[in-house]
Ligand code: HGY
Ligand code: MN
Ligand code: MN
């Protein structure tokens, strides 16, 4: 019998339904961690888990798990699938959700086919993967993997002044389980690539062998508010201009380096933020990434040195807060090979690749063999409403996940 396949209509239908949950007044998808909008998404996911006959568990950091413990599977370590359902602001519908819903789809397909796995199987939706409302990102999986104390995480204050623990309680997802209560036998995450590589090379499947390092910092520059019309340039302590020099420095440095280093200033704010007042304060974030940790450290050091230079030249005061730093991660080569074999067996070309984005898999890799499967992103676009992956690629990726799971859930694997 040829390998069974997933129920494509059920998966694609759910991706569309979840993608409609959490739209704001302008129709943008904004399902920030532990928000009312995300609660609606969580509730929908839990309802699908219950419909599938899975046991639902929530841990103290709000990670949601659907657990299938069939007869004979015993209490051994589970095979865990998952990703996240929180989004960025004005997001696409695939980032994270595709992996969570494909994990559920694979379990439902195997369950429906009477497959008898040698171990329990779990699908997880981890809290605050995006890190837009609470830093750092991949927070729920970081705590689950023991990388951050759960009480310290629950005390994190968001960009809106709320406290994560309060919000999880408010939306009813402050669960009883201690994070890490199920140590996975292995973890597998299916995700859209969110970059241009697979589409550009016309390849439908990526076997992700590593994931680049990430450094997040918040920079605050203090100058003097003054009159935009009367203050000579030579007398200005212009926090806005100093910030602009830093942003230009980061881009120029990344552009001329013949390395994969990337730098992004995604958030910026001026005070008092008035057209005719020289900014007294500029606050902005810096996101640096590189697959090589030594190079990432060099970029961080170069930024520190430039901030000192700017402080002296522009007579401003500069302070920096570290928001997150995660070293590059290498995934489990055995699982990567299973992904490649599964693609071959389905007649699909597969490319080994590095993940430019952060994912929950990089945290689960701290406590279990982990790997990822990518499918192409049209135009390489993600974290934007134009994010799109063709149905054919979505279904192919989920079938590869199914095949690898069958391998990993079969005795002695
Ligand atoms: O920032 C990231 O790479 C991920 O989307 N949280
Ligand atoms: Mn994601
Ligand atoms: Mn994302």
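In region 127-142, of all residues being surrounded by fewer than 24 Cβ atoms within 10 Å (Cβ to Cβ) and more than 17 Å from residue 91 (Cβ to Cβ), the one that is farthest from ligand 2 (Cβ to nearest atom) corresponds to 135.
Restricting 57, 145, 73, 124 to residues that are more than 14 Å from ligand 1 (Cβ to nearest atom), surrounded by fewer than 21 Cβ atoms within 10 Å (Cβ to Cβ) and under 25 Å from residue 407 (Cβ atoms) narrows the list to 73. When region 193-225 is filtered for residues that are under 30 Å from residue 322 (Cα atoms) and more than 16 Å from ligand 1 (Cβ to nearest atom), the ones remaining, listed by number, are 209, 219, 220, 221, 222, 223, 224, 225. From the list 79, 49, the lone residue that is within 27 Å of residue 390 (Cα to Cα) and more than 16 Å from ligand 1 (Cβ to nearest atom) is 49. In the set 106, 46, which member is under 26 Å from residue 145 (Cα atoms) and out of contact with any helix residue (DSSP H, G or I) (no Cβ under 9 Å at 6 or more places or on another chain)? Going through 106, 46 in turn, the sole match is 46.
Across region 235-246, not a single residue is classified as part of a strand (DSSP E or B), under 27 Å from the mean Cα position of the chain (by Cα) and at pLDDT 95 or above.
Quick one: count up the residues across region 98-148 that are closer than 19 Å to residue 8 by Cα and either touching a strand residue (DSSP E or B) at 6+ places or on another chain (Cβ under 7 Å) or within 14 Å of ligand 3 (Cβ to nearest atom) (or both). I'd like the intermediate steps shown before the answer.
Start the filter on region 98-148 by keeping residues that are closer than 19 Å to residue 8 by Cα, which leaves 98-115, 123.
Checking which are either touching a strand residue (DSSP E or B) at 6+ places or on another chain (Cβ under 7 Å) or within 14 Å of ligand 3 (Cβ to nearest atom) (or both) leaves us with 98-100, 102-104, 106-107, 111, 123.
Residues flagged as closer than 19 Å to residue 8 by Cα and either touching a strand residue (DSSP E or B) at 6+ places or on another chain (Cβ under 7 Å) or within 14 Å of ligand 3 (Cβ to nearest atom) (or both) within region 98-148 amount to 10.
Could you list, in sequence order, all residues of region 76-92 that are over 12 Å from the mean Cα position of the chain (by Cα) and either surrounded by fewer than 23 Cβ atoms within 10 Å (Cβ to Cβ) or closer than 14 Å to residue 129 by Cα (or both)?
76, 77, 89, 90, 91
So that you can scan it fast, the table gives a plain yes or no per residue for (1) touching a strand residue (DSSP E or B) at 6+ places or on another chain (Cβ under 9 Å); (2) crowded, with 19+ Cβ neighbours inside 10 Å; (3) in a loop (DSSP other than H, G, I, E, B); (4) not assigned by TED's automatic domain parsing to the domain that holds residue 308:
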residue	(1), (2), (3), (4)
175	yes, yes, yes, yes
179	yes, yes, yes, yes
191	yes, yes, no, yes
194	yes, yes, yes, yes
199	no, yes, no, yes
206	yes, yes, no, yes
218	yes, no, no, no
221	yes, yes, no, no
231	yes, no, yes, no
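Taken over region 233-248, the criterion of being surrounded by fewer than 19 Cβ atoms within 10 Å (Cβ to Cβ), closer than 30 Å to residue 290 by Cα and without any contact (Cβ under 8 Å) to a residue 60 or more places away in the chain is satisfied by 244, 247, 248. In region 342-352, the residue that is nearest to residue 138 (Cα to Cα) out of those that are in contact (Cβ under 8 Å) with a residue 24 or more places away in the chain and surrounded by fewer than 22 Cβ atoms within 10 Å (Cβ to Cβ) is 352. Across region 161-213, the number of residues qualifying as at positive phi and within 20 Å of the chain's Cα centre (by Cα) comes to 2.
Between 357, 365, 370, the distinction of being buried (at least 18 other Cβ atoms within 10 Å of the Cβ), at pLDDT 95 or above, within 13 Å of ligand 1 (Cβ to nearest atom) and under 30 Å from residue 77 (Cβ atoms) belongs to 357 only.
The values are calculated or read from the model by the stated rules, or taken from the named source; none is laboratory data. These figures come from a predicted structure and were not determined experimentally. So basically every Cβ, Gly included, is an ideal-geometry build from the backbone, and we count neighbours across all protein chains shown.
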